[in-house]
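The values are calculated or read from the model by the stated rules, or taken from the named source; none is laboratory data. All values derive from a computational prediction rather than experimental measurement. Here the Cβ positions follow ideal geometry from the backbone for every residue, glycine too, while neighbour counts run over all protein chains shown. Just so you know, the surface numbers come from the protein's heavy atoms only, side chains and all, with ligands and any DNA or RNA stripped out. Shrake-Rupley method; radii C 1.70, N 1.55, O 1.52, S 1.80 Å.
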Amino acid sequence: MQVFEDKRIREKVYVEELPNKMQIMVVPKRETQNKYIIWATKFGSIDNHFIDPTTNEEVVVPDGIAHYLEHKMFEQKSGVDSLYTLMGLGLNANAYTTSDHTAYLFGGVDNFYPGLDELMDYVQNPYYTDENVEKERGIIGQEINMYDNEPFSKLYINCMKGMYKNNTINIDTAGTVESISHITKETLYSCYNTFYHPSNTVMVIVGDFEPQEVINEVQKRLLPREPLGEIKRIYPEEPWEINESLIETSMDVNMPMFMIGFKDEITGDKLKDQIAVEIAVNSLLGKCSETYQDMYNEGLIMTELEMEYEFSRNFAHLIIAGESKNPKRVEEIVLNTFENKEVTLEEFERSKKKIYGDYTSEYNSVDEIGRMFLQDAVKGYNSIEYLNKLEEIDLEYVNNIRTKLLNHNRHTLSIVKGK
Amino acid sequence: MKFTVLNSNKFKTNLCCVFLAVPLTEDRVTKTALIPSLLRRGTNNLTSQLEINKRLEEMYGASISYGIEKEADYEVLKFYLEVINDDLLPEKRALTKEGLDLLVDIIFNPYLEKDSNGESIFCKQYVNQEKDNLIKVIESRKDNKANYAANRMVEEMYQGEAYGIYKFGKIEDLKSINEKNLYEFYKELISIAKISVYVVGDVNKDSLEGDFRKSLESLGVNPESSFEKVNMRHTPRTNPKVVNEKMDVSQGNLIIGLDVNSNKTNEEIIMYNAILGTGANSKLFQNVREKASLAYSAGSKYFRRKNMIMIKTGIEISNYEKTLAIIEEQLENIKNGEITEQELESARQLITSTSKLIPESGENLVTYYYDKEMNDEEPDLEKFIDNIQKVKIEDIVDVAKDVSVDTIYFLRD
């Protein structure tokens, strides 16, 4: 077992790789009563093409299958729904699917081990029949319709479609009504047997635990599985250029929404880049920037912009989103700022302080800690390294990343406006 | 003024809160709604929002939030500021004290200008911008249909009473508001508001409270205001009031207000509500959603200080009658004692586990203590959890007999 510590904020994480290659991280919190566990497989909506390690054959699965599989995990052979069993124990239980992982989780003050029994039981025991797979199709179809009517989902997916031509990040997490019509119990089992192998999973546990003790408890509940070779994911070739520079659509919104996407490379230390981009955009477009104040006073924006650098196995990009009566003008101002303004030393220092504070606050609750460590672990990073990376970054690095992101015209604008 | 420190070593941050409570009245509500957003625009030390923002960012990204809440017959202006614990900073600094100073500056030392007579007034530009923003807030209240419907039900149920007032006020009131009369109003507000301060974290109460009182004094603010208590008891309707409102919606929102006119204990009523509509094992969720598949959501919430339970469902518009019948059937069933052991235990479990989570969040902890302070009750979570374990099916049946349907509101196409 490895131990990583950040003395500045007095936190430790214990990391263990089990013999079956499953990764477990434990963040002990002696002072809290609340406990949290999250278990994820590195299988998300971007993974629709892979080589099955058992047969060595190439497999292409329907879009939205990771999400469909998540829905089908809760149903047990006995007819019981595990989600209600966990809730009946007074635990807050949930599951979700993103572009790069599917996670099952619960939290609560009491009943951690009965909850662990249930969690590890249902995640390790899929039960798919033609009938129950069919039954879910209508429910997920409803959910897809709901996302279709959500302006923000549309805004986001259009931004991805603008940036990427072939990359699977431009697929809706839940798929389409058409794509899920091809999902069968066989395709579900094929995905399950590949991606739900322990070696492809990460578990994070947070609370008042003795790390070795809780890891032993997890190990006791793991079912034996044959070792699995490397899962080879096949991602389509993506051109350097963006796909489209503008995608506009009309929906039921009062104020137009916009999202600007900047396509980036996927090589290098992405966690470090993420922090550096955060410093850059906070300095140049954050609530203390001149640009933000100008746009606010002009009535172009009413609230702070949402800015996020996202990356995973096959993509990396910055998105900047907000609401404005004139999104194209906002884009112009944002591009202008990136092009003509350098981050100053004062802005750099202040942004670093803010990021130090934001990161430290993440440790306020076991849920936040669990989610943070899990999301980073899925991408191959350890969250405890965050402040070290922050210290490594200097002003030059920040300004370089700013120019790199802006150059080459690799940006797109997605707009959702009123009808 | 009451200054409360809730010592806790669970968090990396210290949470500072200042609450100003005033009785909710029709003639004050719109002006009050402008105050928090106006105060965040600048102080006499930090004259613009940009300066405040820079200050916050420099304080390791201290976060500040403002809002107005309707709590029973009061409206409460709430200011929260969260800073990192001093001993986790890379430098030696008293950040919590700085945070409280900043809150005092923002709330009690607003940026002022002088009119032609040399009288202090608010900044005209700030007032006008915030009036425009408030108009947008009021106009967009219909955007979230479920919230809109819930608010409208309350307005209908408590029509003519303080609790029925919309917390952001009315657009037509804004015309007569200017930088001069709003400043006069602000001074009056400060003089009648009950001031409550909370700090959650690993801090020293005496020095923080002493400093806080000194800062108020130096600004000429009297911490002991002329706050008056109010509590209007709603007269339950014998025949339910039925309201249908039409809007361009694809989903209907059926909201029902129940009046609880009971001598049973708080714990017993909370258990009644949990069995009725809290969580996935409740009667409403199981019968309206799971069994009849009528609703995307179905549940209930107990508003203790107004003796009200609100049932909320989102349904297909054509399912109105059917849903209403099922809900009424559930109310009737509880009255007849049709409660299973499993429903009882599941409700108990849910309340117990939710209550145990209160000390795990600074904000929830403050909300819990503040409610007790406003109602002169002693906080005692352990006793509460203990009492929850003792509630029996008979108690819940007794509560059910004291519950009546008061208002039925339906938002439809």
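Which net charge results for the neighbourhood of B:VAL391, defined as the other residues with beta-carbon distances under 14 angstrom from its beta-carbon, given Lys and Arg at +1 and Asp and Glu at -1?
Numbers: positive: B:LYS264, B:ARG348, B:LYS383, B:LYS390, B:LYS392; negative: B:GLU267, B:GLU268, B:GLU341, B:GLU343, B:GLU345, B:ASP386, B:GLU394, B:ASP395, B:ASP398.
Result for the local shell: -4.
At a 1.4 Å probe radius, carbon and sulfur cover how many percent of the accessible area of region B:104-235?
Details: 3010 of 6530 Å².
Ligands and nucleic acids excluded, carbon and sulfur reach 46 percent.
Could you work out [θ]222 nm for chain B from helices alone, using -39500 (n - 2.57) per DSSP H run of at least four and dividing by all its residues? Round to the nearest 500 deg cm²/dmol.
Numbers: 14 runs with 173 residues, N = 413.
Estimated from H runs of four or more residues: -13000 deg cm²/dmol.
Might you report the magnitude of the Cβ-based charge dipole of region B:2-218 about its Cα centre, with Lys and Arg at +1 and Asp and Glu at -1, to the nearest 20 debye? The partial results should precede the final answer.
Numbers: 31 positive and 36 negative charges, 59 e Å.
Approximately 280 debye in magnitude.
How many partner chain Cβ atoms sit within 10 Å of a residue's Cβ in peptide B:5-17, on average, as a whole number? Numbers along the way, then the final one.
Working: counts 0, 0, 0, 2, 3, 9, 6, 11, 5, 0, 1, 0, 0.
That average works out to 3.
Karplus couplings for region A:311-327 from phi (6.51 cos²θ - 1.76 cosθ + 1.60, θ = phi - 60°), rounded to Hz, Gly and Pro as x?
So the J values, rounded to whole Hz, are 8, 7, 4, 10, 8, 7, 7, 10, 10, 10, 10, x, 10, 7, 6, 9, x.
Can you tell me the 0 to 90 degree angle between the C-alpha axis of helix B:341-357 and the longest principal axis of chain B, rounded to 10?
Once rounded, one gets 10 degrees.
Under 10 Å, Cα contacts only: if you run a Gaussian network model on chain A, which one of A:ARG350, A:ARG30, A:ARG221 comes out with the highest mean-square fluctuation?
Largest GNM mean-square fluctuation: A:ARG30.
At 1.4 Å probe radius, can you tell me the per residue accessible area of region B:241-412 in Å²?
Accessible area per residue: 43 Å².
Tilt of helix A:130-148 relative to the longest C-alpha principal axis of chain A, in degrees (0 to 90, nearest 10)?
Helix A:130-148 sits at roughly 20 degrees to that axis.
Taking 40 Å² as the minimum loss, tell me which residues in region A:279-303 lose that much accessible area going from the chain by itself to the full protein complex (1.4 Å probe).
Buried by the other chains: A:LYS287, A:CYS288, A:GLN293, A:TYR296, A:MET302.
What does the accessible area per residue of region B:2-218 come to in Å², with a 1.4 Å probe and no ligands, DNA or RNA counted? Walk me through the intermediate numbers first.
On the way: 8440 Å² over 217 residues.
Per-residue value: 39 Å².
Select from A:ILE183, A:VAL109, A:GLN124 the residue farthest towards the positive end of the dipole of region A:2-233; place +1 on Cβ of Lys and Arg, -1 on Cβ of Asp and Glu, and compute about the Cα centre.
Looking along the dipole axis, the top candidate is A:VAL109.
Taking the highest mean first, how do the peptides A:193-201, B:317-325 order by number of other beta carbon atoms within 10 angstrom per residue?
Details: A:193-201: 20.7, B:317-325: 14.8.
Highest-to-lowest ranking by the protection proxy: A:193-201, B:317-325.
When the helices in chain A are scored as -39500 (n - 2.57) per DSSP H run of 4 or longer and the sum is shared across all residues, what 222 nm value do you end up with, to the nearest 500 deg cm²/dmol?
Calculated from helices alone, the mean residue ellipticity at 222 nm is -12500 deg cm²/dmol.
Give the interface area between chains A and B as buried accessible surface, both sides summed, probe 1.4 Å, in Å² to the nearest 100. Walk me through the intermediate numbers first.
Numbers: alone 19210 and 19400 Å², together 35210 Å².
So the total buried area for this chain pair works out to about 3400 Å².
What order do you get for A:380-390, A:277-287, A:239-249 when each peptide is scored by the mean count of other beta carbon atoms within 10 Å, highest first? Intermediate values should be presented prior to the final figure.
Working: A:380-390: 17.7, A:277-287: 24.5, A:239-249: 14.0.
Descending mean neighbour count gives A:277-287, A:380-390, A:239-249.
Classify region B:179-318 from the C-alpha gyration tensor, please: rounded if a/c falls under 1.5, else prolate or oblate depending on whether a/b exceeds b/c. Can you show the working numbers first?
Numbers: a/c = 2.42, a/b = 1.99, b/c = 1.21.
Prolate.
Per-residue mean of other chain beta-carbon atoms within 10 angstrom of the beta-carbon, peptide B:345-358?
On the way: counts 2, 5, 0, 1, 8, 3, 1, 3, 11, 4, 1, 6, 8, 0.
Per-residue shielding by partner chains comes out at 4.
Between B:TYR66 and A:TYR189, what is the label-point separation in nm under the 7 Å Cα-to-beta-carbon projection?
Label at A:TYR189, label at B:TYR66, 6.2 nm between them.
Among the listed pairs A:LYS21/A:LYS42; B:LYS70/B:LYS194; B:LYS2/B:LYS31, which are separated by more than 20 Å between their Cα atoms?
Checking Cα-Cα distances, B:LYS2/B:LYS31 exceed 20 Å.
Taking only Cα atoms, what is the 0 to 90° angle, nearest 10, from helix B:124-139's long axis to the longest principal axis of chain B?
On a 0 to 90 degree scale, this one is about 10.
Take the alpha carbon atoms of region A:101-144, find their center, do the same for region A:264-302, and report the distance between the two centers in whole angstrom.
Comparing the Cα centres of region A:101-144 and region A:264-302, I get a distance of 38 Å.
Averaged per residue, what accessible area in Å² does region A:246-418 show with a 1.4 Å probe, protein chains only? Working shown, then result.
Details: 6700 Å² over 173 residues.
With all protein chains present, region A:246-418 gives 39 Å² per residue.
Note the count of lysine pairs whose C-alpha atoms are less than 24 angstrom apart in region A:147-276, limited to pairs 8 or more residues apart or on different chains.
Lysine pairs meeting the criterion: 10.
Please compute the contact order of region B:91-184 in relative form: average sequence separation of alpha-carbon pairs under 8 Å and at least six residues apart, divided by the residue count, as a percent.
Numbers: 50 pairs, mean separation 27.3, N = 94.
Reported as a whole number, the value is 29 percent.
Can you work out the FRET efficiency for the pair A:ASN336 and B:LYS390, with r the C-beta to C-beta distance and R0 = 56 Å, to the nearest 0.05? Please report the intermediate quantities before stating the final value.
Details: r = 67 Å, r/R0 = 1.19.
Calculated transfer efficiency: 0.25.
Going by a ≥ b ≥ c, the root eigenvalues of the Cα gyration tensor, does region B:133-187 fall in the rounded group (a/c under 1.5), the prolate group (a/b larger than b/c) or the oblate group? Write down the numbers at each step before the final one.
On the way: a/c = 3.16, a/b = 1.64, b/c = 1.93.
It comes out oblate by the Cα gyration axes.
Going by a ≥ b ≥ c, the root eigenvalues of the Cα gyration tensor, does region A:1-100 fall in the rounded group (a/c under 1.5), the prolate group (a/b larger than b/c) or the oblate group? Walk me through the numbers on the way to the answer.
Details: a/c = 2.37, a/b = 1.33, b/c = 1.79.
Judged from the Cα gyration tensor, region A:1-100 comes out oblate (a/c at least 1.5, b/c at or above a/b).
Using a 1.4 angstrom probe on heavy atoms only, work out the carbon and sulfur share of the accessible area of chain A in %. Walk me through the numbers before you get to the answer.
On the way: 8120 of 17500 Å².
Carbon with sulfur: 46 percent of the solvent-accessible area.
Positive end of the charge dipole of region A:246-418 (Lys, Arg +1 and Asp, Glu -1 on Cβ, about the Cα centre): tell me which of A:CYS288, A:LEU374, A:THR344 has its Cα farthest that way.
Selected residue: A:LEU374.
To the nearest whole percent, what portion of all C-alpha pairs in chain B is separated by more than 39 angstrom? Could the numbers behind the result be given before it?
Working: 23090 of 85078 pairs.
Roughly 27 percent, rounded to a whole number.
What percent do you get for the relative contact order of region A:271-414 when only Cα pairs under 8 Å and 6+ apart count? Intermediate values should be presented prior to the final figure.
Working: 129 pairs, mean separation 44.6, N = 144.
Taking the mean separation of contacting Cα pairs over the length of region A:271-414, I get 31 percent.
Going highest first, how would you order B:213-222, A:313-322 by mean Cβ packing within 10 Å?
Working: B:213-222: 13.7, A:313-322: 21.1.
Ranked from most to least packed, the peptides come out as A:313-322, B:213-222.
Which trypsin sites (Lys or Arg not before Pro) in region B:361-413 sit in a loop by DSSP (not H, G, I, E or B) and have at most 12 other Cβ atoms within 10 Å of their own Cβ? Mind dumping the intermediate values first?
Numbers: sites: B:LYS372, B:LYS383, B:LYS390, B:LYS392, B:LYS401, B:ARG412; in loops: B:LYS392.
For trypsin sites (Lys or Arg not before Pro) across region B:361-413 that sit outside H, G, I, E and B with at most 12 neighbouring Cβ atoms in 10 Å, the list reads B:LYS392.
When chain A is treated as a GNM, springs tying every alpha-carbon pair under 10 Å, which of A:LYS42, A:LYS161, A:LYS135 comes out with the largest mean-square fluctuation?
A:LYS135
At 1.4 Å probe size, put A:TYR164, B:TYR166 in order of accessible surface, largest to smallest. Display every interim value, and only then the final one.
Details: A:TYR164 5, B:TYR166 35 Å².
Heavy-atom accessible area, descending, gives B:TYR166, A:TYR164.
How many partner chain Cβ atoms sit within 10 Å of a residue's Cβ in peptide B:52-65, on average, as a whole number?
Mean number of neighbouring Cβ atoms from other chains: 5.
Put +1 on the Cβ of every Lys and Arg and -1 on every Asp and Glu Cβ in region B:54-155; which of B:ASN147, B:GLN129, B:ALA94 then has its Cα farthest towards the positive end of the dipole?
B:ASN147
Going by Cα centres, region A:307-338 and region B:101-148 are how many Å apart?
Their Cα centres are 30 Å away from one another.
So what is the relative contact order for chain A, in percent, with contacts set as C-alpha pairs under 8 Å and at least six apart?
23 percent
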